[in-house]
Amino acid sequence: MATDAEEDRPLLGRSPSFTGSSKTLNNSDEESYGSIVQGTTRSIEDDVLLETSTLGRTISWPSAYIIVISRVIGSGIFATPGVIVKSVGSVGLSLSLWVVGAVIAACGLAVTLEYGCMLPRSGGEKVYLEFTYRKPRFLASTLVAVQAVLLGFTASNCIIFAQYTLFAFDVEATDFRRKSLAVGLLTAITIVHGCFLRTGIWIQNVLGWIKVGLVVFMVFAGLFVVAFQERNVDGTKSHFPTGEDLWADTNWDWGIIATSLFKVFYSYAGLGNINNVLNEVKNPIRTLKSVSVTSLVSACVLYLLVNIAYFTVIPLEEIRHSKELIAALFFEKSFGPKWGKTVLPLAVALSGAGNVMVVTFALVCTHPHTHSLSANAAKARLNQEIARQGFLPFSKAIASTKPFNAPMGALIVHYIPSLLVIALPPSNEVYSFILEVEGYPGTIFALALSIGLLYLRYKRPDLKRPFKAWTIAPIFRILLSLALLAAPFFPPKEKPAGGIWYATYAVVGVSM
């Protein structure tokens, strides 16, 4: 029978201790959190202690900010606004969902901030779930393993890369071409990260800066077009609807709104990225609080301004038919057929490729020196740790870094579900389907974390909390999560013609 000490020992992400002992929290000040542990320790109770990586604390505030913002700004803002407008019908509801998404993201961030300040060590959700849900012992660890392996795919950004590349070269985007190009990118990145790890890190850093710069450029481009373009036939310079037109053709169906919110959430994913490398952050508690809030505000402002730029430059009817190519349409309208239809869409395609590299690297790559080479390695060690702990077959081979000192086995584990998700669904619906499949189980995790936070406040009031979320934040997150999880039980009034069954995303997400 397992002893209490065995029950307290986590399954994932706990290598043998470098200290040789386990320590408990004392009553010292917030900055020291008692004796700071060097290396990693074995007891779950040690999660309340500050822990310093054996490589030291090397991540400064600017680096921490880049870790978060480069993960948050992905392909979502270049692709989802057109899909959302088509689903909900009106500009007014679409913009409202982006604002609501920011509020929900703030509530979720408040939850992860309280966890991160209370359990100040690397690991993020893995650490929080293991600390909160200890029995049955395998539950939290198994859920983390399943999510990382089966739902950690990067297919959505591969699809965006394919769409924008074909658009830039004026090639007809057939089903075969889209999927072939997406699979080609996924394969190339797997080879680069599996055989040339340092080169891959350098490439993804360059592409990350291109991505952030492109979003800022789009905001100023929208202002430039409004200021200098010729007037429309109605005498206005802007296509942005006003008055009753703002809410015309709104679809208030909850199932449609829920799937649209999943797409908004996708664009805010990654706000808790710094929680995954807290052992390597200088002044971790202070940095965690300031970087997370700054990143949320940055993303919210940029997303709203980019959406307004879209609606200002592009007629609404064209937006509804743009699908994932709304950014390409924006550039073409703003800068003409040469730069607008070729160069700038290629920049969006490269941004999508960069995000695939970042997420792939973050999910599967582990290397003793990679943290100093790339700020994007925030979820490093996860898939390999899952293999090391015996959750996968052929664990020794998957966890190995031979022969190129890179995690080829873990990359293949990541490659297979991503390949299937790209290849199997109908091509015209694959992007939206991927975001919905990712969003539904993600909501289950958000629900578990929010309930767990309230449980710990009741059960463990002794834990030090340098940041304490307003109680309304986890409660609101719980209520909204329940509403989103119930959305598949509310079928749309208008049945979709052909394609995927409206609740397939929920069935697939829960099954995985």
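The values are calculated or read from the model by the stated rules, or taken from the named source; none is laboratory data. Keep in mind that what you see is a predicted model, and the values were worked out from it rather than measured. So basically every Cβ, Gly included, is an ideal-geometry build from the backbone, and we count neighbours across all protein chains shown.
Can you name the number of the only condition in (1) modelled with pLDDT of 85 or more; (2) crowded, with 21+ Cβ neighbours inside 10 Å; (3) aliphatic (A, V, I, L, M) that Leu305 fails?
Here Leu305 clears every test but (2).
Can Ile478 be described as at pLDDT below 90, of a type in the set (A, V, I, L, M, F, W, C) and under 21 Å from the mean Cα position of the chain (by Cα)?
No.
Taking Arg198 as the residue in question, decide whether it is among the basic types (Lys, Arg), in contact (Cβ under 8 Å) with a residue 40 or more places away in the chain, surrounded by fewer than 20 Cβ atoms within 10 Å (Cβ to Cβ) and part of a helix (DSSP H, G or I).
yes
Looking only at segment 420-461, count how many residues are in a helix (DSSP H, G or I), more than 16 Å from the chain's Cα centre (by Cα) and at pLDDT 90 or above.
Of the residues in segment 420-461, 13 are in a helix (DSSP H, G or I), more than 16 Å from the chain's Cα centre (by Cα) and at pLDDT 90 or above.
Which one is nearest to the chain's Cα centre (by Cα) among residues in segment 157-195 that are crowded, with 18+ Cβ neighbours inside 10 Å and polar (S, T, N, Q)?
Residue satisfying both the conditions and the ranking: Asn157.
Could you identify the single residue in Phe391, Phe361, Phe335 that is crowded, with 24+ Cβ neighbours inside 10 Å and either modelled with pLDDT of 80 or more or out of contact with any Cys (no Cβ under 7 Å at 6 or more places or on another chain) (or both)?
From the options Phe391, Phe361, Phe335, the qualifying one is Phe361.
Going by what's in this entry, would Ser96 be described as small (Gly, Ala, Ser), crowded, with 24+ Cβ neighbours inside 10 Å and assigned to a helix (DSSP H, G or I)?
Criteria not met by Ser96.
Just to verify a result, which residue in segment 120-140, among those that are in contact with a Lys or Arg (Cβ under 8 Å, 6 or more places away or on another chain) and either in a helix (DSSP H, G or I) or at negative phi (or both), is modelled with the highest pLDDT?
Val127
Can you name the residue in segment 233-275 that is over 30 Å from Tyr65 (Cα atoms) and among the polar types (S, T, N, Q) and is also modelled with the lowest pLDDT among such residues?
The residue in question is Thr236.
Looking at segment 322-330, can you tell me whether even one residue there is modelled with pLDDT under 85 and crowded, with 20+ Cβ neighbours inside 10 Å?
Within segment 322-330, one or more residues are modelled with pLDDT under 85 and crowded, with 20+ Cβ neighbours inside 10 Å.
Does segment 145-156 contain at least one residue that is surrounded by fewer than 24 Cβ atoms within 10 Å (Cβ to Cβ), of a type outside the set (A, V, I, L, M) and outside any helix (DSSP H, G or I)?
Yes.
Residues of segment 167-191 being β-branched (Val, Ile, Thr) and within 26 Å of Pro407 (Cβ to Cβ), which ones?
Matches in segment 167-191: Val183, Thr187, Ile189, Thr190, Ile191.
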